[in-house]
Amino acid sequence: MSKKEKLIERFLRMPTDFHFNELVKLLGYFDFTQVKKGKTSGSRVKFENSEGVPILLHKPHPKGIMKIYQLKQIKEILGL
């Protein structure tokens, strides 16, 4: 099983310790890139794919662990 498959499988289990860095990598597999919004964006981040589909969320801090509701929203957007 590839790293990509393992990460997708982990995401689908909705773990309570899924990290923001893992999410960035996962979204990259689905052709999403982080959109830089300037110096004043704070913890808000935006990802977009080539079709212009946006994913907006707050970067979790201080530990970087994603909330379950965020994972569910992203799962729905990705169609998984």
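A quick yes/no check of all residues on (1) out of contact with any Lys or Arg (no Cβ under 9 Å at 6 or more places or on another chain); (2) farther than 18 Å from residue 76 by Cβ; (3) surrounded by 11 or more Cβ atoms within 10 Å (Cβ to Cβ):
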{"site": "24", "(1), (2), (3)": "yes, yes, yes"}
{"site": "27", "(1), (2), (3)": "yes, no, yes"}
{"site": "31", "(1), (2), (3)": "yes, no, yes"}
{"site": "37", "(1), (2), (3)": "no, yes, yes"}
{"site": "46", "(1), (2), (3)": "no, no, yes"}
{"site": "51", "(1), (2), (3)": "yes, no, no"}
{"site": "54", "(1), (2), (3)": "no, no, yes"}
{"site": "63", "(1), (2), (3)": "yes, yes, no"}
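Quick check on residue 41: is it more than 18 Å from residue 76 (Cβ to Cβ), small (Gly, Ala, Ser), surrounded by 12 or more Cβ atoms within 10 Å (Cβ to Cβ) and at pLDDT below 95? Yes: the conditions hold for residue 41. With respect to the conditions (1) exposed (fewer than 11 other Cβ atoms within 10 Å of the Cβ); (2) assigned to a loop (DSSP other than H, G, I, E, B), residue 76 falls short on a single one, namely (2).
Looking at 46, 37, 4, which one is without any contact (Cβ under 8 Å) to a residue 40 or more places away in the chain, part of a helix (DSSP H, G or I) and not aliphatic (A, V, I, L, M)?
Testing whether each residue is without any contact (Cβ under 8 Å) to a residue 40 or more places away in the chain, part of a helix (DSSP H, G or I) and not aliphatic (A, V, I, L, M) leaves just 4.
For beta carbons closer than 9 Å, sequence separation of 6+ or different chains, a first residue in the range 53-77 that is in contact (Cβ under 8 Å) with a residue 24 or more places away in the chain and of a type in the set (D, E, K, R) and a second that is part of a helix (DSSP H, G or I) and surrounded by 14 or more Cβ atoms within 10 Å (Cβ to Cβ), the qualifying pairs are 59/20; 75/11.
The values are calculated or read from the model by the stated rules, or taken from the named source; none is laboratory data. Because the structure is predicted, anything quoted here is derived from the model rather than measured. Using ideal geometry, Cβ is built from the backbone for each residue, glycine included, and neighbour counts are taken over all protein chains shown.
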